[in-house]
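These notes are about the structure you will find just below.
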Amino acid sequence: MRHKTDILDVAARKLAPYMFVFGLYLVTYGDLSPGGGFQGGVVIASGIILLAIAKSVDAVEELIPLRRFAVAETTTFGLLLAVGIGGIVAGAGFLADFIGRGAIGPLPAARFVYALNILIGAKVAAGASLICMHLFGEER
Amino acid sequence: MKRAVEIAAAAVVAVFLILALAGDHPTESPIREYIVAHGVDDTGAVNLVASIYLGYRAFDTLGETIVLLIAVSGVMFLVKRSKPPADRDGDL
């Protein structure tokens, strides 16, 4: 794998962690402020994609095997369905809130929305980066 | 001639867009009133957008995630990795 410039290398490696943190913030505060699972997940994925473009797909794959992205994608989808079916089991209906509400405080009050945001954030981050990894990895 | 047709088509599109922009945009609607009044109480999410897409319309969101899952499956099916990863760039 040919070496790209040092500037690109350093900038990407310094920037990516902040992108991960910002993406996690968007996901976890999605019920309180603009953001949410989809948007935060895409920001996390863009951090992974930045590493893949600046370094190489292989370097990212060494960090996190692509197989794990695929497992995360399908597992979170299964968990989403499980949460939906949990609503039926609890007698509230498919994907209805069955967890209940907490008090406004340090913990999220809208527990159901919070949980769904986390699941969707993980799913979108895994899915979007998996698509790009495969497309980047094609031209080798 | 072709140029004139293109200009005419562009003009028609422009007129439609201008009419759409100039039209009446009702900001008052019953569903909007309902969500503003009850959204936080119904779902607990202070962000009303989140209360809509994960509270009232969580089923739509599930559909969107299925779309993403199918997109990933399609890419993984169509793009075969040409060779196993041999040359590694090393430290990350």
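Structure remark: mean-square fluctuation, Gaussian network model of chain A, C-alpha springs under 10 Å; the largest value among A:ALA16, A:ALA54, A:ALA109 belongs to A:ALA109. Residues A:LYS55, A:LYS4 in ascending order of nearby Cβ atoms (within 10 Å, fewest first): A:LYS4, A:LYS55.
Taking trypsin sites (Lys or Arg not before Pro) in DSSP loop states with no more than 15 other Cβ atoms inside 10 Å as exposed sites, chain B has its longest site-free stretch at B:1-56.
Cα centroids of the stretch B:1-60 and the stretch A:94-109: 29 Å apart. For the segment A:109-116, counting C-beta atoms of other chains within 10 Å of every residue's C-beta and taking the mean gives 6. Neighbours of B:GLY44, meaning other residues whose beta-carbon lies under 10 angstrom from its beta-carbon, give a summed charge of -2 when Lys and Arg score +1 and Asp and Glu score -1. Approximating the spin labels as points 7 Å out from Cα along Cα→Cβ, the B:ALA8-to-B:LEU48 distance works out to 4.6 nm.
Using the Cβ-Cβ distance between A:PHE136 and A:ARG67 with R0 set to 22 Å, the FRET efficiency works out to roughly 0.85. Put a dot 7 Å past the Cα of A:LYS4, heading toward its Cβ, do the same for B:GLU33, and the two dots end up 5.4 nm apart. Model label sites at A:ALA11 and B:VAL15, defined 7 Å from Cα along the beta-carbon direction, differ in position by 4.8 nm. The helix-only estimate of mean residue ellipticity at 222 nm for chain B, built from DSSP H runs of length n ≥ 4 each weighted as -39500 (n - 2.57), is -20500 deg cm²/dmol after division by the residue total.
How far, in degrees from 0 to 90, does helix A:6-28 lean away from the longest principal axis of the Cα atoms of chain A, to the nearest 10? The angle comes out at about 0 degrees.
Across A:VAL89, A:VAL71, A:VAL21, mean-square fluctuation computed from a Gaussian network of chain A (C-alpha pairs under 10 Å connected) peaks at A:VAL89.
Taking other Cβ atoms within 10 Å as a rough exposure proxy, A:ILE48, B:ILE70, B:ILE52 sort from fewest to most as B:ILE70, B:ILE52, A:ILE48. Look at the dipole of the stretch B:27-80 built from charges on Cβ: of B:VAL75, B:THR43, B:GLY55, the Cα furthest out on the positive end belongs to B:VAL75. Note on B:ARG57 and A:THR74: with the Förster distance fixed at 22 Å, the Cβ-Cβ geometry gives a FRET efficiency of about 0.40. Protection proxy ranking of A:41-47, B:43-49, A:5-11, by the mean of other Cβ atoms within 10 Å over each peptide's residues and highest first, is A:41-47, B:43-49, A:5-11.
Which of A:LEU63, A:LEU24, A:LEU50 ends up with the largest GNM mean-square fluctuation for chain A, with Cα atoms connected below 10 Å? Maximum fluctuation in the GNM of chain A, among the listed residues, is at A:LEU63. Fully extending the segment from A:LEU107 to A:ALA90, taken as 0.36 nm per residue of separation minus the present Cα-Cα distance, adds 3.8 nm.
Laboratory data are not the source of any read-out in this text; all were calculated from the coordinates shown. Keep in mind it's a predicted model, so treat the numbers as computed, not measured. For neighbour counting, all protein chains shown are included, and Cβ atoms are generated from backbone atoms with ideal geometry for every residue, glycine included.
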